[in-house]
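Shown next, in structure tokens, is the structure this report addresses.
What follows is calculated from the coordinates using simple rules that are stated; it is not laboratory data. Small disclaimer: the values here were computed from a predicted structure and weren't measured. Using ideal geometry, Cβ is built from the backbone for each residue, glycine included, and neighbour counts are taken over all protein chains shown.
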Amino acid sequence: MAPPVYITFLGGLGEIGRNCAVLELEGSLLLIDCGLMFPDTDMLGVDLVLPDFTWLVERAEDIVGCVLTHGHEDHIGGLSYLLREASFPLFGTELTLGLASGRIEEAGLMKRTELIVVADGERWEIGPFEAEFIPATHSVPQGVATAFHTPQGTILHTGDFKIDLTPVDGRLTNLSRIGALADGDGIRLLLADSTNADQPGHSRSETSVGKVLYNLMHEQEGRRVITACFASHIHRIQQLADAAISFGRVIAPVGRSMKRNITMAREMGLLTIPDTSLIDIEKVDRYEPGQVLVLSTGSQGEPMSALTLLAANENRWLKITPDDTVIFSSHPIPGNENAVTKVIDNLFRLGAEVIHSGLSDVHATGHAKSEELKLYHSIAKPDWFVPVHGEYHHLIAHSRLAQVMGTPEDHILIAEDGDRLILDDNGLRQVGTVPSEYVYVHGTVGDIGSGVLRDRRILADDGVVAVTVCVDRKKKRLVSGPEIATRGWIHEPEAGDLLAELSARVKAAVEKALLDGADIAGLQRAVRRASGGFVANSTRRRPMIVPILLEV
Ligand SMILES: [Zn+2]
Ligand SMILES: [Zn+2]
């Protein structure tokens, strides 16, 4: 009997974001990615959402490392939180570690975190694991798939990938290596990206976007062009820069991460822009509109991003004018559509022209669509399959593709966040769960909890009514009050009758409860019940009722 391998999913299965999986062999834990998720609009005030690290922190001593598949926030953004509670080395390609190190450095955790650069095709021993890094093409350079060679056979994790036969850097998803693994000892278990599993056909090649951008730049002769894309999309930045330079434009980056990533990628030799073509945004006014390309962050309408501030006319150096064309070289992530639309409206208000992926092919996805996934399955021919990286319907769509390609249904396991699977001589099955709730981060406080969020939703929807009464329980009488203060429930100056009636009801309820000998908790209940019932009946709203009991 070979020792079993456990696979525990802490995030990314059932949502797009906070990707984090854990392999366990002979008591050692190896993480695959540690990402964050951006909040939905109903997560009021929340900055970001993390995996629940409770289980990992309890076993911090057992963690031998974390393998990073690529440098997107949904794969690296949780590290600066987990590394506060556990210390372990990070394995990734040069750019991946470069992108990950920013936040780790900001959190002051760099000194106690070892970064180990891996190269394409290398095999690394990490504790009892052996990890092989296989090139994968994605919307950030230097992504990898990882083959874990274990006593239970090869576990292949695809990372985020597409099958682009003409990527900008010529670095293809290495299908022949995956074929060699499949034809050798075989792939025992495949964990594969499901993001676009319900999209028909093939994704477009990144280089096809370059041609569109070139033509657009040609059409925009004499006008200033401002583009927004992900700051980590180095190949998109390269193609934008190439198009601009071929029409004699200089390039002005704006936004902190855009500036940082351009500098880093040029240093690593991943981005080619001559010094003479780069200018500081502060000097943008020295150039005619037709001589400039501004490369901006904020393609998702993020509130404090460079493009959102530009659209609000709040950039010190650059003012949007009718001479500007803004190109969104991006597609809104589900949930960000409204924010992006607002930015587009504001740009039009300032007189700019706006081009986005709905109007022109200025974007290509970084995730394999169904025909690419089928091709991947036909090559990998896994014994067992677990779809990862997707909302639940993506996971289902991917499991159906796998069945079409020959993996029997009883060798496919649809897992969700928190599920703990075992792979042993008998195959793959679920053996338990670990905590996997959303962990909400707001400001510097780690977990604000779902109770806080529920309160915020009530406050946002219906407001609050605070009712203060002062009682003498020995004499069983109301000393003063009720004092009623409200926020967000009703316009008080016009609600005199309502408040008087509410006050009378509470007074009666408290006096009765006092005579019945109620304790403080009982009195609070009486206030809440009398107020809540009246408020709901008279206004059809359900504000938060806060009873405040004072005793003499
Ligand atoms: Zn990604
Ligand atoms: Zn991802």
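Numbers at a glance
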| item | result |
| --- | --- |
| Cβ crowding within 10 Å averaged over residues, with 235-247, 174-186 ranked highest first | 235-247, 174-186 |
| Cut-off under 5 Å, modelled amide H: who pairs with residue 122 long-range | 133 |
| Listed residue (131, 153, 471) projecting farthest to the positive dipole end of the chain, Cβ model | 471 |
| Selection from 72, 96, 54 lying farthest towards where the dipole of segment 1-109 points positive, charges on Cβ | 96 |
| Long-range HN-HN contacts of residue 354 with modeled amide H, under 5 Å | 326 |
| Shape of segment 290-330, Cα gyration tensor, a/c cut at 1.5 | oblate |
| Size of charge dipole - the chain - debye, nearest 20, with Cβ of Lys, Arg +1 and Asp, Glu -1, no other charges | 1920 |
| Top positive-direction residue, dipole computed over segment 206-355 with Cβ charges, set 247, 343, 214 | 343 |
| Check: segment 210-306 dipole with +1 on Lys, Arg Cβ and -1 on Asp, Glu Cβ, in debye | 140 |
| Positive minus negative residues near residue 458 (Lys, Arg vs Asp, Glu; Cβ under 13 Å) | +2 |
| Segments 315-322, 482-489 sorted - mean Cβ within 10 Å per residue, highest first | 482-489, 315-322 |
| Gap separating the Cα centres of segment 489-511 and segment 238-316, nearest whole Å | 58 |
| Residues 33, 280, 324, sorted so that the one with the fewest Cβ neighbours within 10 Å comes first | 280, 324, 33 |
| Cα gyration tensor category, rounded, prolate or oblate, for segment 206-355 with a/c compared to 1.5 | rounded |
| Computed [θ] at 222 nm, deg cm²/dmol, the chain (DSSP H ≥ 4; -39,500 (n - 2.57); rounded to nearest 500) | -9500 deg cm²/dmol |
| Listed peptides 286-298, 404-416 by packing density, highest first (mean Cβ within 10 Å) | 286-298, 404-416 |
| Ranked list, fewest to most other Cβ atoms within 10 Å of each Cβ, for 163, 32 | 163, 32 |
| Overall Cα dimensions of the chain, principal axis frame, Å, largest first | 86, 73, 47 |
| Dipole moment magnitude, nearest 20 debye, segment 463-551 about Cα centre, only Lys, Arg, Asp, Glu C-beta charged | 340 |
| Rg/Rh for segment 463-551, where both radii come from Cα atoms and Rh is the Kirkwood radius | 0.97 |
| Separation between Cα centres of segment 351-395 and segment 399-415, rounded to whole Å | 18 |
| Cα-based reach from residue 475 at 23 Å (exclusive), listing lysines while leaving out same-chain residues under 8 positions away | 507, 512 |
| Beta bridge orientation in the chain: antiparallel %, DSSP, nearest 5 | 55 |
